[in-house]
Amino acid sequence: VQSSRLPHRDAPPQFSTPLCPPVSPPPGRGDRRRRMAAAGAATPVGAAPRVGLLYDDRMCAHATPDGEKHPENPERLRAIRRKLDAEGVASRCVDMKAKEAKEKYIASVHTPNHIKLIRDISSKEYDYRRNKTARKFNSIYFNEGSSESAFLAAGSVIEVAEKVAAGELSSAIALVRPPGHHAEHNEPMGFCLFNNVAIAANYLLNERPDLGINKILIVDWDVHHGNGTQKMFYSDPRVLFFSVHRFDYGSFYPCEGDASHCFIGEGAGEGYNINVPWEHGKCSDADYVAAWDHVLLPIAEAFDPDIILLSAGFDAAMGDPLGGCCITPDGYALLLTKLLGFAKGRIVMALEGGYNLKSIANSLCACTKVLLGDNFTYNSPRMQPFESTWRVIQMVMVRDELKAYWPVLSSKLPDNVPLRSAPSYIEVNFIFLIFFLVTLCWDLLG
Ligand code: Q9C
Ligand code: ZN
């Protein structure tokens, strides 16, 4: 059986996958399914889940000003929508309407200057300096549709999060762009204008005490570090931010040291920021499952969130031109299934990155089916986590750093797990060699 190839803990058959959720629940709390049923989960046991699906063509208006090719383009949303329609899953969801975010909600995470910039950037008066303004930022473009798209993206995540928190929906998917997790307090960055997920989290915590959301788990599985989101909740223990991303010793975008495992939060928020920084690309389902089973899920169990907001980028998917990792659609489905055991299954997925149209469409389709309650079995080629993954998870990194805050992490990892060695980067070294030779020739000639 495949499951024996992956490191995992034995657990009761809550899910119809051969790979299992992490830890046995603490004594006296009962298993999750009973807890879910007893606590009045949004979906009564046996009933079909109500899954919100938000798609709005107006978020396709944000595009490069002169039609230059760009990975973060409107076709991303359309490709996903087409796939969900073709597979007959869109019609099984509850259709949600996009809504522009009110400025006062955006102001919970962004400065007045930042909001003003994004509000005005698409106006006529800005036409002649729009490109110049964009160049002041890191990996940003603007056009005459950017403002509306940005306000709709933020408002849409608020909208579905509110409905899920209120129990009107079991879970939801917001197909939004521009993405959000790189956007900082006072600057757009990395294709992101407003931090959609952070805005929605603040809305639930600060604007809607009536919904009873006191603890939020943000899971960021986009291949890039969620630098903006990390900063926004760095000293806030109400929000547990978990990001798994390529780090490559600081050389992977956004190339900041604060994506490392050492950044665990500060003040009251110490211990509530968790980074799992991969050392290289080619990470697969096995690596992510290992991070889930041994880091994220035990902590989620202890934190016991009221809702989960998922910064759902799909640029760690197999075939992505930027990510260089290889999560399969079934891999995403499995990771999502494992999250469904928490927060009474209240999960809000907000699209972040993901640049291979086929990969993002297939992955999102698999995730939607999970939320709709379809059974699936994880069948994949045999894959093993990297040694580096084990190292990142096991000792030096995440585990030791956070043990003090999450005693549940102290349990011993299995030690007989088959691991594979790091991918070789012959191609990369070859490029550096050529570069070196060209530079040398240049010097000799000049
Ligand atoms: N040499 C998201 O996935 N790459 N953003 C810039 C510069 C920017 C990714 C490379 C990647 C941003 C939401
Ligand atoms: Zn990304």
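The values are calculated or read from the model by the stated rules, or taken from the named source; none is laboratory data. Please read all numbers here as calculations on a predicted model, not as lab measurements. Positions of Cβ are backbone-derived with ideal geometry, glycine not excepted, and every protein chain shown enters the neighbour counts. We work out accessible area using only protein heavy atoms, side chains counted, and drop any ligands, DNA or RNA first. Shrake-Rupley method; radii C 1.70, N 1.55, O 1.52, S 1.80 Å.
Computed values, structure above
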{"read-out": "Quotient of C-alpha Rg and 2.2 N^0.38 Å, computed over the chain", "value": "0.96"}
{"read-out": "Alpha-carbon centroid distance for the pair the range 99-171 / the range 174-224, whole angstrom", "value": "12"}
{"read-out": "Percentage, to the nearest whole number, of Cα pairs in the range 105-163 over 12 Å apart", "value": "69"}
{"read-out": "Loop-located GluC sites (Glu not before Pro) in the range 201-275 whose Cβ has at most 14 other Cβ within 10 Å (DSSP)", "value": "Glu256, Glu266"}
{"read-out": "Length-normalised contact order for the range 69-153 - Cα pairs under 8 Å, 6+ apart - percent", "value": "30"}
{"read-out": "Distant-in-sequence amide H partners of Ala316 (H built 1.01 Å from N, under 5 Å)", "value": "Val223"}
{"read-out": "Electrostatic dipole magnitude of the range 319-446 [Cβ: Lys, Arg +1; Asp, Glu -1; Cα centre; debye, to 20]", "value": "600"}
{"read-out": "Rg/Rg_globular for the range 225-307, with Rg_globular taken as 2.2 N^0.38 Å and Rg from C-alpha atoms", "value": "1.08"}
{"read-out": "With every protein chain in place, the range 54-382: carbon and sulfur % of accessible area (1.4 Å)", "value": "49"}
{"read-out": "Mean Cα-pair separation over length for the range 290-431, i.e. relative contact order, pairs under 8 Å, 6 or more apart, %", "value": "27"}
{"read-out": "Computed Rg/Rh of the range 288-446, alpha carbon atoms with Kirkwood Rh", "value": "1.08"}
{"read-out": "Trypsin sites (Lys or Arg not before Pro) lying in DSSP loop within the range 38-128, provided at most 15 other Cβ fall within 10 Å", "value": "Lys69, Lys97, Lys102"}
{"read-out": "Derived scalar couplings ³J(HN,Hα) [the range 278-288; Karplus, 6.51 cos²θ - 1.76 cosθ + 1.60; whole Hz; x for Gly, Pro]", "value": "5, 8, 6, x, 6, 5, 10, 3, 4, 5, 5"}
{"read-out": "Max mean-square fluctuation residue, GNM over the chain, Cα-Cα springs under 10 Å, options Met59, Met189, Met383", "value": "Met383"}
{"read-out": "Inter-part distance where the range 375-446 and the range 263-328 are each reduced to a Cα centre, Å", "value": "14"}
{"read-out": "Rounded accessible area per residue of the chain, 1.4 Å, Å²", "value": "41"}
{"read-out": "In Hz, Karplus ³J(HN,Hα) per residue of the range 101-106 (6.51, -1.76, 1.60; θ = phi - 60°; x = Gly, Pro)", "value": "6, 6, 4, 5, 6, 5"}
{"read-out": "Those trypsin sites (Lys or Arg not before Pro) in the range 352-401 that DSSP places in a loop and that have at most 15 other beta carbons within 10 Å", "value": "Arg382"}
{"read-out": "Contact order normalised by residue count of the chain, Cα under 8 Å, 6+ apart, percent", "value": "18"}
{"read-out": "Using θ = phi - 60° and Karplus 6.51 cos²θ - 1.76 cosθ + 1.60, couplings along the range 173-183 (whole Hz; Gly, Pro as x)", "value": "10, 9, 8, 10, 7, x, x, x, 5, 8, 5"}
{"read-out": "Cβ-Cβ FRET estimate between Lys358 and Cys262, R0 fixed at 41 Å, reported to 0.05", "value": "0.65"}
{"read-out": "Across Lys102/Lys215; Lys69/Lys132; Lys83/Lys132; Lys99/Lys358; Lys69/Lys99; Lys69/Lys338, pairs whose alpha-carbon gap is larger than 30 Å", "value": "Lys83/Lys132; Lys69/Lys338"}
{"read-out": "Cut-off under 5 Å, modelled amide H: who pairs with Gly52 long-range", "value": "Val94, Ser170, Ser171, Ala172, Ile173"}
{"read-out": "Placed amide H near Asp220: partners under 5 Å, 5+ positions off or other chain", "value": "Phe242, Ser243, Val244, Ser311"}
{"read-out": "Chain lengthening between Arg58 and Phe435 when straightened (0.36 nm per residue, less Cα-Cα)", "value": "131.3 nm"}
